[in-house]
Each structure stands twice: as C-alpha cells, then as structure tokens.
Amino acid sequence: MPVYYNVELNTGGGSINVGDINGKVEADTSGGSISVSVVTGGDVNMETSGGSIDIEKVDGDVLADTSGESIDIGEVTGEVSGDT
C-alpha cells in the first residue's frame, strides 16, 4: 500500500464512507451520505444531492456541498466552505 494516495469516489445512489487517508479525497454521490474519518496531507471535496456530510478531521481544506441534509465538520487545519 502506498504511503500517500489520492482517492476519487463516485456513486449514483449509495453512501460513501472513507477511513484514514493520507492524500486528497474527492467524493460525489447522487443520493447517499458521505462520511470521512481522518484525512492528512490533502484537501477534501465532497458533494451529495440528497444525503448528509460528516467529516471528523482534515489536515487541509474542506469543500462540502449537499442539497438536502446537514453538514457536520470537526477539526480542520485549512479553509472550510460548506453549502446546504
């Protein structure tokens, strides 16, 4: 397993759950929730059309966008932008 890696996750209707990642995270779903535990060494960009977004800890910037539910963001070292 590489020490540093970026992930790009897309789903048409299910939820996305991300554990501990050292790298950039991009997640997009049309109907589910998105949950992220810990991200170091990269930014987080998340978008969902109908679910909630839950972010525990990010060492970087966060962009979170949902059309229908809540956004919960824990500890972030960079800039945060959220839209519901």
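When segment 39-55 is filtered for residues that are under 12 Å from the mean Cα position of the chain (by Cα), within 16 Å of G23 (Cβ to Cβ) and not polar (S, T, N, Q), the ones remaining, listed by number, are V39, G42, D43, V44, M46, I55.
Restricting attention to segment 39-53, the residues that are within 14 Å of G78 (Cβ to Cβ) and surrounded by fewer than 20 Cβ atoms within 10 Å (Cβ to Cβ) add up to 4. Among the conditions (1) modelled with pLDDT of 95 or more; (2) part of a loop (DSSP other than H, G, I, E, B), the only one that E47 does not satisfy is (2). Within segment 54-84, track down each residue that is in a strand (DSSP E or B) and of a type in the set (S, T, N, Q). Result: T66, S81.
In this structure, is E8 surrounded by 12 or more Cβ atoms within 10 Å (Cβ to Cβ), assigned to a strand (DSSP E or B) and either out of contact with any Ser or Thr (no Cβ under 8 Å at 6 or more places or on another chain) or among the polar types (S, T, N, Q) (or both)? Write out each step before concluding.
Numbers: surrounded by 12 or more Cβ atoms within 10 Å (Cβ to Cβ): no; assigned to a strand (DSSP E or B): yes; either out of contact with any Ser or Thr (no Cβ under 8 Å at 6 or more places or on another chain) or among the polar types (S, T, N, Q) (or both): yes.
Here the answer is no, as E8 does not meet what is asked.
The values are calculated or read from the model by the stated rules, or taken from the named source; none is laboratory data. In this text, all values refer to a predicted model and were calculated from it rather than measured experimentally. Glycine also receives a Cβ, built like all others from the backbone with ideal geometry; neighbour counts cover every protein chain displayed.
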